[in-house]
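This report refers to the structure that appears directly beneath it.
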Amino acid sequence: MPWNPIIKSRRDWETIPNLHDYESVRKEFSWEQARTELDGLPDGQGLNIAHEAVVRHTIGPLGQQTAIRWLGKSGQVEDYSYARLDDLTNRFANTLQGLGVVKGDRVFVLAGRIPELYITALGTLKHRAVFCPLFSAFGPEPIRARLTIGQAKVLVTTESLYQRKVAGIRETLPHLEHVLLIGEEGRPTATPIPGTQSFHQLLEQHPGIYRIGPTDPEDAALLHFTSGTTGTPKGALHVHSAVVAHHITGKLALDFHPADIFWCTADPGWVTGTSYGIIAPLTNGLTSIVDEADFEAKRWYGILQDHRVSVWYTAPTAIRMMIKVGVDLVRKYDLRPLRFLASVGEPLNPEAVVWGEKAFGRPFHDNWWQTETGGIMIANYAAMDVRPGSMGRPLPGIEAGIVKKTESGGVEVLNEPDVQGELALRPGWPSMFRGYWNEPERYKKCFASGWYLTGDVAKKDADGYFWFVGRADDVIKTSGHLIGPFEVESVLIEHKAVAEAAVIGKPDPVAMEIVKAFVSLKDGHEPSEALQRELLGFARTRLGAAVAPKEIAFLATLPKTRSGKIMRRLLKARELGLPEGDTSTLEA
Ligand code: AMP
């Protein structure tokens, strides 16, 4: 393979970057060739993500190797070998079979980073149902919206999340036939809750042998929800052949080598936590660290040291939090095995790259992708000098361009270097999303002149490096999570005092942006601190901590276009003290 360097010693095998020569690998690369690194189902029965991630490794020495090392919040360490993971995911696939779940049905999970989440994901894929993860910090409203849009048939969640967030909305979910509950600390549920079954009892009752049925590479596999400026959340659908991209981008962009211990800090409620927190390390036969707890500098450095992490994939918000704590703490830990550091999800400030060098002796390698692309598209590679502030260069097999929309509805490619435009990609890679669930029109709008339009504004320099400029739309990135303003506004206007609401991303030194809402009140209601607190609490209860606004301001009226559309951009400009731009369409 063009990406496998010439190896002369064991050390070379462990350390020479897979993408040792960007230009030549890019020239020779083909997705067909990348596919040959995977096995496919026996007897030519197709391609299944769970077979590549788990089953194929159980035959041979990898069977007893740790696939997932789970670190519990309270200090537990539990290893799942590939063989054990195979057994448990077979049991879950048989459970689904027993429940009458068929190919293509949607199985949702709402849980923190606990082993049952990983068992559900891989068991669902084995059964050829569609895996849909939900972020556990969502409140009832985002959960209800996503379960409804995705017509969830099964939900796997914990007893406590169910009681707090789902029981109250259950009646509004007619498609949801089965709720499988995990008890506290992963134990079987203590007392049966009406309308639910115990996840662990079902696993025990079902056999650990399961044969994956024929899987067409184009069969639906993963449904990841994301947000746009308007409308409800969108379910981006990915198919089983996406595994080719997960696997090869792990090798080329994250530089996976066979003996690596890999830690992806992302939550599987978001796409990174699935593509790289579950699938890519397992297809590559690595040991993947899963930490249940949230960021805490000492805990994180302890994990890197104690578990001898060699490749680490994290995010700018976490890096900024580490910078706040300072380099002295890092230096107390022995992090010699750490070989490659990467970051995704938000712009990585040049200072953060440089800080990585200072603290860890290695830079953070920024890379770019999004829910719709399913895998890394643009990256700084191990064998290349990092350009601090740049997202890097497109992966082999990926054509990226900077484009401008034309009046005829197409796009024109801007070939001049350093010109700002929308970042676009030529479709054709295996992890490209295949649609927004039940929304063909929204999907169609993402394409023009044979390009997929990403919604990001960027520039390309004369050497082919891409630089992020901003979003072309109004979505908000907070702590690496994409939030749609419409979802937040819809909840705020349900409060009896609120007439109108508009939500923006307000810059924040750590989270990049925080969700800020502006509201105008109905007659008979006056702005007050008490009402502000009430609205913050109302939004938090309904939306959950991850989505709810952190700040709310009152305005007599919200600025609108003459056609009645609230001008979020103007609110943002005013918030930042920036020029207001074109206000010719502003309502008089
Ligand atoms: P999501 O679909 O939630 O993964 O969010 C994808 C969006 O996050 C992209 O469209 C970008 O706006 C942003 N993003 C992801 N990676 C980067 C990066 N390396 N630099 C700047 N923005 C990024």
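Within the stretch 291-326, name every residue whose backbone N is under 17 Å away from a label modeled 7 Å from Cα of S74 along the Cβ vector.
292-294
In Å², what does the accessible area per residue of the chain work out to with a 1.4 Å probe?
I get 40 Å² per residue for this part.
Among the listed pairs K358/K477; K234/K444; K8/K332, give every one whose C-alpha distance is greater than 25 Å.
K358/K477; K8/K332, as the Cα separations exceed 25 Å there.
Taking the Cα centre of the stretch 255-347 as the origin and placing charges on Cβ (Lys, Arg +1; Asp, Glu -1), which of G277, L329, F262 is farthest toward the positive end of the dipole?
Farthest towards the positive end: L329.
Given the C-alpha centroids of the stretch 463-522 and the stretch 1-48, what is the distance between them in whole angstrom?
When both Cα centres are located, 41 Å separates them.
How large is the charge dipole for the stretch 47-242, taken about the Cα centre, if only the Cβ atoms of Lys, Arg (+1) and Asp, Glu (-1) carry charge, to the nearest 20 debye?
260 debye
Just from its helices, what would the mean residue ellipticity at 222 nm be for the chain, if runs of 4 or more DSSP H residues each count -39500 (n - 2.57) and the sum is divided by every residue, rounded to the nearest 500 deg cm²/dmol?
One gets -7500 deg cm²/dmol as the mean residue ellipticity at 222 nm.
According to a simple spin-label model (label point 7 Å from Cα along Cα-to-Cβ), what is the distance in nm between V457 and A297?
3.5 nm
At what distance in nm do the modelled label points of T15 and D39 sit from each other, each positioned 7 Å from its Cα along Cα→Cβ?
It works out to 3.2 nm between the two label points.
Under 16 Å between alpha carbons, and skipping anything fewer than 8 positions from K550 in its own chain: which aspartates and glutamates qualify?
K550 reaches E487, E489, D508, E513, E529, E534, E575.
So what's the Cα pair-distance distribution over the chain, bin width 10 Å, in %?
3, 17, 28, 28, 17, 6, 1, 0
Roughly how many debye, to the nearest 20, is the charge dipole of the stretch 449-527 about its Cα centre, given +1 on each Lys and Arg Cβ, -1 on each Asp and Glu Cβ, and no other charges?
120 debye
Among the trypsin sites (Lys or Arg not before Pro) within the stretch 168-248, which fall in a DSSP loop and have no more than 15 other Cβ atoms within 10 Å of their own Cβ?
R211
Which of the listed residues, I289, A539, G183, is farthest toward the dipole's positive end in the chain, when Lys, Arg count +1 and Asp, Glu count -1 at the beta-carbon?
Projecting each Cα onto the dipole axis, the largest value belongs to G183.
What does the charge dipole of the chain about its Cα centre add up to, to the nearest 20 debye, if the Cβ of each Lys and Arg holds +1 and the Cβ of each Asp and Glu holds -1?
380 debye
Bin all alpha-carbon pair distances of the stretch 450-588 at 10 Å intervals from 0 and give each bin's fraction as a whole percent.
Calculated P(r), rounded to whole percents: 11, 37, 33, 14, 4, 1, 0.
Positive end of the dipole of the chain, charges at C-beta (+1 Lys, Arg; -1 Asp, Glu), about the Cα centre: which of T226, C132, I114 has its Cα farthest in that direction?
Farthest towards the positive end: I114.
Sort H51, H481 by accessible area with a 1.4 Å probe, largest first.
Descending accessible area places them as H481, H51.
Excluding residues fewer than 8 places away in the same chain, name every one of the lysines whose C-alpha is closer than 22 Å to that of K126.
Within the straight-line cut-off, K126 pairs with K103, K153.
How large a share of the accessible area of the chain, in percent, is made up of carbon and sulfur atoms when the probe is 1.4 Å and the other protein chains stay in place?
51 percent
The values are calculated or read from the model by the stated rules, or taken from the named source; none is laboratory data. Keep in mind the model is a prediction, meaning the values are calculated, not measured. Glycine gets a Cβ as well: all are built from the backbone with ideal geometry, and neighbour counts include every protein chain shown. Note: areas computed on protein heavy atoms with side chains; ligands, DNA, RNA excluded. Shrake-Rupley method; radii C 1.70, N 1.55, O 1.52, S 1.80 Å.
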